[in-house]
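Inspection log for the structure reproduced underneath, given as structure tokens.
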Amino acid sequence: MFNQNQIEEKWQQIWENNQLFQQSADSTSVKDKLYLLFAFAYPSGSGLHVGHVESKTALDILARYYRMKGKDVFFPVGWDAFGLPAENYAIKTGIHPKVTTKDAIITFRRQIKRIGISYDWANELATNHPEYYKWTQWIFIQMFNKGLAYQKNGMVNWCPQDQTVLANEQVVEGRCERCDSQVVQKELKQWYYKITQYQEELITGLDQVDWPEATKAQQLNWIGKKTGIEITYKIADTDKTVTCFTTRPDTNFGATFVVIAPEHQFAKEVAKNNTTVADYLDAASKKTELDRQQEGKTKTGAFTGFYAINQLTNKKMPIWVSDFVLGGFGTGAVVGVPAHDVRDFEFSQFVNSQSDNKADDAENADSRIEVIRVVVGSDGDTSEITKVEQVQEETGTMINSDFLNGLDIHEATQKIMDYLEEQGMGKRVTTYRLRDWLISRQRYWGTPIPIVYDPEGNPHPVKQEYLPWELPTDVDFKPTGESPLKSSKEFIERTHKYVSQVHADLIAEKGWDSSGEGWTPEFDTMDTFVDSSWYFLRYVDSRNKDVFADVSQLKAWLPVDLYMIGPEHIVLHLLYSRFFTKFLRDEGYLHFDEPFMKMRHQGMILGPDNRKMSKSKGNVINPDEIIEKFGADTLRVYEMFMGPLEADKPWDIRAVIGVYKFLQRVYSMVSEKDLAEFSQQEKTKTEQKLHQLIAKATDDIPKLKFNTSIAFMMEFMNVWQDESKKYSKTLSSEDKIKFIKVLAPFAPFMAEELFEMVTGQTSDSDDYNGVHITVWPEFDPNKAQSDTVMIPVQINGKVRAQLSVSAETASDQQVVLNQAIALPELKKYLEGKEIKKKIYVAGKIISLVV
RNA sequence: GCCGAGGUGGCGGAAUUGGUAGACGCGUGGGUCUCAAAAACCCAUGAGGCUUAAAUCUCGUGCGGGUUCGAUUCCCGCCCUCGGCACCA
């Protein structure tokens, strides 16, 4: 028995005093770099949780392993320190976010050191530090100068609880991703980053990176590229046209109506003289997101009284207005093919039932919608389509479509697109679902947008010499629906002073007040996702005062080799960071296209009840308590042993104890001093297992398969212990050290303690070299192999015997097969039968067919 | 509906260029030690049949087929669970 906590504190101190892991960032000596990155952490008041421990430990194992393999490892740490939780806490308690954030960081730091994460603390950073956000602002200005940061008036997502706008990516099923409130639409002038500028490269760039396929698919899904065609139809009895976007022009012979969104220009024009349409537009504009959801898929609409002409059939297609068509997608107008689109069919049913009810209503008489089948599916059904189940969407062959008849729908799509383009009726187009990134937030605790407005309301970026454009401190951050920065006197005075110096010429020219009166700063702050979109660049040179990072440092370390981050960031941070990287590359600052070459997601650690941990469910495991009872090594090894890194796994306290006992056994076996060494003969079996372990760990660690490495360490311990008992002897110090080295990345404290003990060096001496800066052991294939091999023998696919052969004869097919057939236990299966087939897979299996 | 991931003992999981399914750990049962308990250690542990026992057989990786000497792994058709997107034309 020994005191785990005591040795852990001892080594934590020694590592820190010697700055063991902090010589990494100097670019001049880098030969074989490895940049390991852990997802930027938000320093929440509740401290480190067991999920953090899992992914940090995984990266730490890699960091320690690769250092032992001789790589130059860069493993930095920092804090995503701006954000809503600290501000909301401040609103409740009156304690400034700066204070709570600082306290939280101190707690995190202590906890991270306690679990032995070998971060390079020399480059630690926090996004709320002015020397950091100075460069967040600088990037904003570069974007502004290139027209990629711009202001736009429009409908935005507004969270009434958090009193701020949100990006599309932060709205999940109509709710705020942070506080789960129902999001409402508001018309506001806001700042956007033009991420759509890079939409095509955000797709193609995914081919360069080693990311989980599912993650790539999800990003592609979010970007939502679609190719189709815009078809322009003449509107009868006018000189106007309506342009519709469709991906299925093959069905155009069956197009019998047009629907436009309430926001469509033509709808607005019609509404001037048509009260039905005007009323409909009015009602639609008042609908909230919630109303729409409750309404479900029930169709509504109003007839405009106009008709579009389908050039293919010369049929008059009634033009309707309906809110199932979205103003923001495609052209805001859709051509309806009720026979081959479920929504169109539902709309036709709505229209026809309505006009049935008002048969004598002249206005609606000609607005009925015809359903024409133009595709026949695999069932061969060519009957009239009267039920929604008959609507054929995905596959089939064309009918009733003139020159398309008989073609597969996909061929027909290409042919009709060619035709429409030739005739000047349409144009192939590509659409994307991705929208520009709304970055304004009406909140206090964020990076100020470095813009001042002149008395005419024109924006002027703050000059670089005046950055950081600091966040004022004399602010009342209680939410009022307006930006809290408006309450700062200092901020406005600062702005006046600034413009009177910087814009003196303009002020004189315009005859404005020379004191700067009339100018205002931008009161909104930036979305915190802006802060985290480039932090991995700053890490490599985080104290630089002249540039966001020096070119030599960037060249030495980037791109990131492995990024460990939760799957919840796929459409937010991971997309935004890629966008920033491509922008800064185009500006000439970066030498690479993609920031994160390899990425893996950690799974979630669930409570013992198999549910997501949460305070309200009372199933939260506190890592501090586990460390207190069993030590940090146990916590680390247990979390790595739970299962595959990417899987969700429930906590099991009994299994923690199992790992604890394993480590206790390790300690007592390695520290055993009274036993003599095995003889050469006696140690064969243990040595064989030891070299198999080295091979296994060397193979598994780079693949992040830590659970199987640990399982094999346990197997090794079992063999060693059995053999030790059998002979009352044990392994040599030399062999013990090999095992300690394999253990070191997983249980760094215990390994260091045992290393000191076995080598006889002491940590007080100046030239002490710990296990973590030694060289990873080489495995010897000869020692890993045993002299005899057991080969299973199958008869008709069932294992009936085991054949023991020497390692040399195992490669001789003829000898092995003859020996196998001669096995006495196979007599009853083979006697009197002819062996039809003999198969031998060298060293693996013998298969006989009778 | 579309896209993606997955389904293996009582539990977490291992094994996939097709080659002994269930490594390792937990749990459970039995035992040693003890006045007793805990700890520690030892043995057993997928299900079922036959048997005093040994031996041995059958079934078994979500379901149904197929390819193969041999399938958790490959192919075809389904079912279920989880994650993402969704009135996106």
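Excluding A:Lys741 itself, calculate the net charge of residues whose Cβ lies under 13 Å from the Cβ of A:Lys741, where each Lys or Arg counts +1 and each Asp or Glu counts -1.
Around A:Lys741, the surrounding residues sum to +1.
Averaging the inverse of every distinct alpha carbon separation and then flipping it gives the Kirkwood radius. What is it for the stretch A:680-825, in angstrom units?
17.8
Can you pull out the trypsin sites (Lys or Arg not before Pro) in the stretch A:23-120 that DSSP calls coil and that have at most 11 other Cβ atoms within 10 Å?
Taking the stretch A:23-120 and a limit of 11 other Cβ atoms within 10 Å, the loop trypsin sites (Lys or Arg not before Pro) found are A:Lys31.
Quick check: convex hull of the Cα atoms in the stretch A:740-827, volume per residue, rounded to a whole Å³? Walk me through the numbers before you get to the answer.
Numbers: hull volume 14.0 nm³, N = 88.
Here the figure is 160 Å³ per residue.
On average, how much area does the Cα convex hull of the stretch A:642-727 cover when viewed from any direction, in nm²?
6.5
Where q = 0.08, 0.11 Å⁻¹, what log10 of I(q)/I(0) comes from the Debye formula for chain A, counting one point per Cα?
So the normalised log intensities are -0.93, -1.25.
Rank A:Ser732, A:Phe749, A:Gln761 by how far each Cα sits towards the positive end of the charge dipole of the stretch A:707-772 (+1 on Lys, Arg Cβ; -1 on Asp, Glu Cβ) and give me just the farthest.
Result: A:Ser732, furthest along the dipole toward the positive end.
Based on the Kirkwood radius over alpha-carbon pairs, what value in µm²/s does the Stokes-Einstein equation return for the translational diffusion coefficient of the stretch A:543-691 at 37 °C and 0.692 mPa s? Let's see the in-between values first.
Details: Rh = 20.2 Å.
Answer from the Stokes-Einstein relation: 162 µm²/s.
May I ask for the angle, rounded to the nearest 10°, between helix A:342-357 and the longest principal axis of chain A, with both axes built from Cα atoms and the value confined to 0 to 90°?
With both axes taken from Cα atoms, the answer is about 30 degrees.
Given chain A, what percent of its DSSP beta bridges are antiparallel, to the nearest 5?
75
Given H placed 1.01 Å from N in the peptide plane, which residues other than close sequence neighbours of A:Lys240 have an amide H under 5 Å from its amide H?
Under 5 Å from the amide H of A:Lys240 lie the amide H atoms of A:Ile235, each far enough along the sequence or on another chain.
Rounded to whole Å, give me the distance from the Cα center of the stretch A:167-204 to that of the stretch A:628-644.
Distance between centres, Cα-based: 39 Å.
Net charge around A:Asn544, counting only other residues with Cβ within less than 12 Å of its Cβ (Lys, Arg = +1; Asp, Glu = -1)?
That works out to 0.
Find the relative contact order for chain A and round it to a whole percent, using C-alpha pairs within less than 8 Å whose residues are 6+ positions apart. Spell out each step's value before the answer.
Details: 1461 pairs, mean separation 121.1, N = 850.
About 14 percent, as a whole number.
Over the C-alpha atoms of the stretch A:41-196, what are the Rg and the largest Cα-to-Cα span, Dmax, in Å?
Expressed in Å, the Cα Rg and Dmax of the stretch A:41-196 come to 19.2, 57.
At what distance in nm do the modelled label points of A:Thr473 and A:Asn5 sit from each other, each positioned 7 Å from its Cα along Cα→Cβ?
Taking the simple label geometry, A:Thr473 and A:Asn5 are separated by 3.8 nm.
What is the sum of charges around A:Asn3, taking Lys and Arg as +1, Asp and Glu as -1, for the other residues whose C-beta is under 14 Å from the C-beta of A:Asn3?
Around A:Asn3, the surrounding residues sum to -3.
Can you work out the Karplus-derived ³J(HN,Hα) for every residue in the stretch A:192-202? Use 6.51 cos²θ - 1.76 cosθ + 1.60 with θ = phi - 60°, whole Hz, and x for glycine or proline.
Ordered by residue, 3J(HN,Hα) equals 10, 9, 7, 5, 5, 4, 10, 4, 5, 6, 5 Hz.
Any chance you could give the angle, 0 to 90 degrees and rounded to 10, that helix A:97-114 forms with the longest Cα principal axis of chain A?
30
Relative contact order of the stretch A:99-184: what whole-number percent is it, with Cα pairs under 8 angstrom and at least 6 residues apart?
Result for the stretch A:99-184 is 15 percent.
Where in the stretch A:153-250 are there trypsin sites (Lys or Arg not before Pro) that are in a DSSP coil and have at most 10 other Cβ atoms within 10 angstrom of their Cβ?
Filter output for the stretch A:153-250: empty list.
By a straight-distance test (C-alpha under 25 Å), which lysines pair with A:Lys316 as possible cross-link partners, with residues fewer than eight away in the same chain excluded?
Excluding near neighbours in sequence, the set is A:Lys234, A:Lys240, A:Lys268, A:Lys272, A:Lys299, A:Lys358, A:Lys387, A:Lys415, A:Lys427.
Quick one: divide the alpha-carbon radius of gyration of the stretch A:368-515 by 2.2 N^0.38 Å and tell me what you get. Write out the running numbers ahead of the final one.
On the way: Rg = 30.9 Å, N = 148, 2.2 N^0.38 = 14.7 Å.
Taking N as the residue count of the stretch A:368-515, the ratio is 2.11.
Multiplying the sequence separation of A:Thr243 and A:Val184 by 0.36 nm and subtracting their Cα-Cα distance, what value in nm do you get? Provide the component values of the computation, followed by the final result.
Values: separation 59, 0.36 × 59 = 21.24 nm, distance 2.98 nm.
Stretched out fully, the A:Thr243 to A:Val184 stretch lengthens by 18.3 nm.
So how tilted is helix A:748-759 from the main axis of chain A? Cα-based, degrees 0 to 90, rounded to 10.
Between the helix axis and the principal axis of chain A, the angle is about 20 degrees.
Relative contact order (percent) for the stretch A:50-129, with alpha-carbon contacts under 8 angstrom and 6 or more residues of separation?
47
Can you tell me the length gained on complete extension of the stretch A:Thr708 to A:Val429, counting 0.36 nm per residue apart and subtracting the Cα distance?
Taking A:Thr708 through A:Val429 to full extension adds about 95.4 nm, to one decimal.
What percentages, rounded to whole numbers, describe P(r) for the stretch A:703-755 computed over all alpha carbon pairs with 10 Å bin width beginning at zero?
Percent of pairs per bin, in order: 23, 49, 25, 3.
How many Å³ per residue does the convex hull of the Cα positions in the stretch A:607-679 occupy?
Per-residue hull volume (Cα only) is 108 Å³.
Give a quick list of trypsin sites (Lys or Arg not before Pro) in the stretch A:813-843 that DSSP marks as loop, anything other than H, G, I, E or B, with at most 16 other Cβ atoms within 10 Å. Before the final figure, lay out the partial values.
Numbers: sites: A:Lys827, A:Lys828, A:Lys833, A:Lys836, A:Lys837, A:Lys838; in loops: A:Lys833, A:Lys836.
Sites meeting the loop and neighbour criteria: A:Lys833, A:Lys836.
Pairing rule first: another cysteine's C-beta must sit under 4.7 Å. Under that rule, which cysteines of chain A stay single?
Among the cysteines of chain A, those whose Cβ sits 4.7 Å or more from every other are A:Cys179, A:Cys244.
Computed from the coordinates by the stated procedures, all read-outs in this text should not be read as laboratory data. All values reported here derive from a predicted model rather than from experimental measurement. Methodologically, a virtual Cβ is constructed for each residue, glycine included, from the backbone with ideal geometry; neighbour enumeration extends over all protein chains shown.
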